[in-house]
Amino acid sequence: MGKFAAKIERVITIALILSVMLILTPGVSTQAKAKKCNHKSVTWITTSKPSCTDEGMKVKKCKNCGKILKIKKIKKSGHCLRTQIEKMPTCTKPGLTATYCLNPDCIYGYRKYYKTEKIAPLGHSYIAKTYKATCTAPKTIVTSCKNCKYKSTHKEGKALGHHWTKWKLNTDSMIKKKPKKTRICSRCGKKETIYVK
């Protein structure tokens, strides 16, 4: 039993030595090859592209042995911003501008805005028109806005009232035996006629 156990132990030991040799042999040959390589044939490979907010990375690699010779950061591109008016302001309500990034891979692309800002209301652009007092209406000031439908009316004082002439008998009405008399407002020209009893 002891001899059999010793044989098994020897077999296991030999197997372990062979496996270690197999593992180490490729590494040794690669190192030897790397030492001999002069790295004259190289290429730059981008491992990660830069974005608007993050740096990228590229490596200098030997084409012959595959060794990484240099690692270099690529500057972030930064946003390419554009601002447009999303909502026009009115006389009383604010507008809105939206800023977004034109870079196709940016998270702040069209409709996912980098920032938004309010535009102050324009305010009314007033035009005032004054109407003089008449016989029937007081002095009136009408204020309107050039840009919107806003309109307000302000009245001052009272109507002037009619300025009548003296009553004048209508001679034609005497022939028809229905006498009339007429008076006229000297201010607005209104006529008033009544039958004479």
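The values are calculated or read from the model by the stated rules, or taken from the named source; none is laboratory data. Since this is a predicted model, take the numbers as computed values, not measurements. Counting neighbours? That spans all protein chains shown, and the Cβs are built from the backbone with ideal geometry, glycine included.
For K70, indicate whether it is of a type outside the set (S, T, Y) and under 30 Å from K36 (Cβ atoms).
Details: of a type outside the set (S, T, Y): yes; under 30 Å from K36 (Cβ atoms): yes.
Yes: the conditions hold for K70.
Filter region 41-73 down to the residues that are among the aliphatic types (A, V, I, L, M) and in contact with a Ser or Thr (Cβ under 7 Å, 6 or more places away or on another chain), then identify the one that is farthest from S125 (Cα to Cα). Reasoning before the result, please.
In the first step, residues of region 41-73 are kept if they are among the aliphatic types (A, V, I, L, M); the result is 42, 45, 57, 59, 68-69, 71.
Subset that is in contact with a Ser or Thr (Cβ under 7 Å, 6 or more places away or on another chain): 57, 59.
Details: M57: 57, V59: 64 Å.
Only one residue fits best here, namely V59.
Taking the residues in region 169-197 that are at pLDDT 90 or above and in contact with a Lys or Arg (Cβ under 6 Å, 6 or more places away or on another chain) as candidates, determine which candidate is farthest from T134 (Cα to Cα). If you could, list the steps in order and put the result at the bottom.
Residues of region 169-197 at pLDDT 90 or above: 182-192.
From what's left, in contact with a Lys or Arg (Cβ under 6 Å, 6 or more places away or on another chain): 182, 184, 192.
Numbers: T182: 21, I184: 15, E192: 17 Å.
Here the residue is T182.
Take region 137-171 and flag every residue that is touching a residue at least 12 places away in the same chain (Cβ under 8 Å), outside any loop (DSSP other than H, G, I, E, B) and basic (K, R). Before the answer, list the steps.
Going through region 137-171, the residues touching a residue at least 12 places away in the same chain (Cβ under 8 Å) turn out to be 137-148, 150, 153-170.
Filter once more, keeping what is outside any loop (DSSP other than H, G, I, E, B): 139-145, 153-156, 164, 168-170.
K139, K155, K168 - these are the residues of region 137-171 that are touching a residue at least 12 places away in the same chain (Cβ under 8 Å), outside any loop (DSSP other than H, G, I, E, B) and basic (K, R).
Collect the residues in region 91-131 that are within 30 Å of K155 (Cβ to Cβ) and either of a type in the set (A, V, I, L, M) or touching a helix residue (DSSP H, G or I) at 6+ places or on another chain (Cβ under 9 Å) (or both), keeping them in residue-number order. Can you show your working first?
Initially, region 91-131 is screened for residues within 30 Å of K155 (Cβ to Cβ), giving 91-93, 121-131.
Those that are within 30 Å of K155 (Cβ to Cβ) and either of a type in the set (A, V, I, L, M) or touching a helix residue (DSSP H, G or I) at 6+ places or on another chain (Cβ under 9 Å) (or both): L122, I127, A128.
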